[in-house]
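Read the structure below first, then the notes.
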Amino acid sequence: MQTINELLGAVLPEGKLVTATLSQPRRKEEGAYTKVAVKPVLLKNELHYQLAYHYEKKVTHDNLTPDDAFAKLSDLLENEMRQALFCTLEADYQVLISKKGKTGILKKPPTKKEAPNLSHNRKKTYVLDEGQPVPFLVELGVMNDKGRVLAAKYDKFRQINRFLEMVRDILPALPQDRKLTIVDFGCGKSYLTFALYHYLAVQEGFELNVVGLDLKADVIEHCEALARTLNYDGLHFRIGDIADYNEFDAVDMVITLHACDTATDAALEKAVRWGASAILSVPCCQHELFAQVRSETLEPLLSHGILKERFAALATDAVRSKLLDIVGYKTQLLEFIDMEHTPKNILIRAVKSGEPDTGALWQEYETFRNFLGAEPYLENALRDRLPSASTL
Ligand SMILES: C[S@@+](CC[C@H](N)C(=O)[O-])C[C@H]1O[C@@H](n2cnc3c(N)ncnc32)[C@H](O)[C@@H]1O
């Protein structure tokens, strides 16, 4: 092989490349990346190359089609980096470019013996692996820069992975051929918002417009600054109340994790009106039904505060999931993380399924709601979408 473009043309198009590393920047600039690592990945079943730019304290990623990777790597070797190692199963190719621009390509015996596992969708226990530094986890202090999870943050790491597994399972329900709009209501410190962005944009190659919304100005400013540090261009944070949030006409996925009491209902109402393809919600502090529920039959249970509280929380989740089913979602209730870590561990996962129910589900719901003697927020909020609209 005489030229870099001949080498790139031979190793990139059919996925022969196992790994590549570009190093030795021509100019030593403060804050610039010093190495670019390249590996093939499958995104939506299409071969891509992931370029990982290594800076002093962070790594950013870019997923490119083989043609775009060809153009980018050619440009990098022509203008920015003076050394590279391309590894295939047949041979390694060491590229050296002199200061005057003269290129030498040395073919060596292969050091890689196994083809890469290209799929990000392969089933594994964790979506994010320990041992591989993930920039947002390093910035949030969950991992060190070697990819080791700090002992005190292990529960957080497991929670993040559990959440991502639940997202992974519903990926087919999301539009695959255009930019996705996602809103995370009550995002707080946003560990899971950053995780979602990393997983969907960096690992899965989706184009994204993600917004995290919260009432707390200081937390939002911090998250916005972190998103800029990480170069997460499609992730932004806004200060505001869920009920007043009107930035979009349509949203593909709505997340609401531990937003307090009826803030969750306000988020669910928005999701339904936006026609979201998927909703993930972990309710919290379900006070509303606690104050409303009345039933002589349930007196032995309701007379104990602790039982009444738990019952009201479970009944709220039952009401919400049934209402989502009625307006056209397929709803599952899943254990978010182990009970030992928090009792607020039920995740409502709803995927848009099509036609709203007009009969049996509504009957079940009405019977249950009448038995509770309650008037749930979400029912009132969605009244125009429910079969009761004409009969109440
Ligand atoms: C318990 S934190 C959960 C944070 C994050 N979602 C998580 O699960 O780690 C709840 C967050 O919801 C926010 N919140 C509560 N009510 C809200 C509302 N009406 N509008 C926007 N944010 C709200 C709070 O400010 C708080 O940051």
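Key figures for this structure:
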item: Meets criteria (closer than 22 Å to residue 144 by Cβ and within 8 Å of the ligand (Cβ to nearest atom)) for residue 215; result: no
item: Residue count for segment 83-108, restricted to those that are touching a strand residue (DSSP E or B) at 6+ places or on another chain (Cβ under 6 Å) and outside any strand (DSSP E or B); result: 1
item: Any hit, segment 219-241, residues being among the basic types (Lys, Arg) and within 11 Å of the ligand (Cβ to nearest atom); result: yes
item: Some residue of segment 150-162 being part of a loop (DSSP other than H, G, I, E, B), surrounded by fewer than 18 Cβ atoms within 10 Å (Cβ to Cβ) and either outside the structural domain of residue 240 (by TED's automatic domain parsing) or at positive phi (or both); result: yes
item: Scan of segment 270-309 for residues that are within 16 Å of the ligand (Cβ to nearest atom) and β-branched (Val, Ile, Thr), ordered by number; result: 279, 282
item: Only one of 267, 263, 360, 312 that is open to solvent by 40 Å² or more (accessible area, probe 1.4 Å) and either under 20 Å from residue 375 (Cα atoms) or within 16 Å of the ligand (Cβ to nearest atom) (or both); result: 360
item: Residues being within 14 Å of the ligand (Cβ to nearest atom), open to solvent by 50 Å² or more (accessible area, probe 1.4 Å) and not hydrophobic (A, V, I, L, M, F, W, C) - total across segment 242-255; result: 3
item: In segment 186-212, residue most open to solvent (accessible area, probe 1.4 Å) [restricted to those that are within 13 Å of the ligand (Cβ to nearest atom) and aromatic (Phe, Trp, Tyr)]; result: 191
item: Lone qualifier among 167, 134, 138, 183 - being crowded, with 21+ Cβ neighbours inside 10 Å, of a type outside the set (Phe, Trp, Tyr) and away from the ligand (no atom under 16 Å from the Cβ); result: 134
item: Segment 109-129, residues that are modelled with pLDDT of 75 or more and under 14 Å from residue 204 (Cα atoms); result: 127, 128
item: Which numbered condition residue 258 misses (of (1) open to solvent by 10 Å² or more (accessible area, probe 1.4 Å); (2) away from the ligand (no atom under 11 Å from the Cβ); (3) touching a strand residue (DSSP E or B) at 6+ places or on another chain (Cβ under 9 Å)); result: (2)
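The values are calculated or read from the model by the stated rules, or taken from the named source; none is laboratory data. Quantities reported herein were computed from a predicted structural model and do not represent experimental measurements. All Cβ positions, even for glycine, are placed from backbone atoms using ideal geometry, and neighbour counts span all protein chains on display. The protein model used for the area step is the full one, side chains on, heavy atoms only, and it has no ligands, DNA or RNA in it. Shrake-Rupley method; radii C 1.70, N 1.55, O 1.52, S 1.80 Å.
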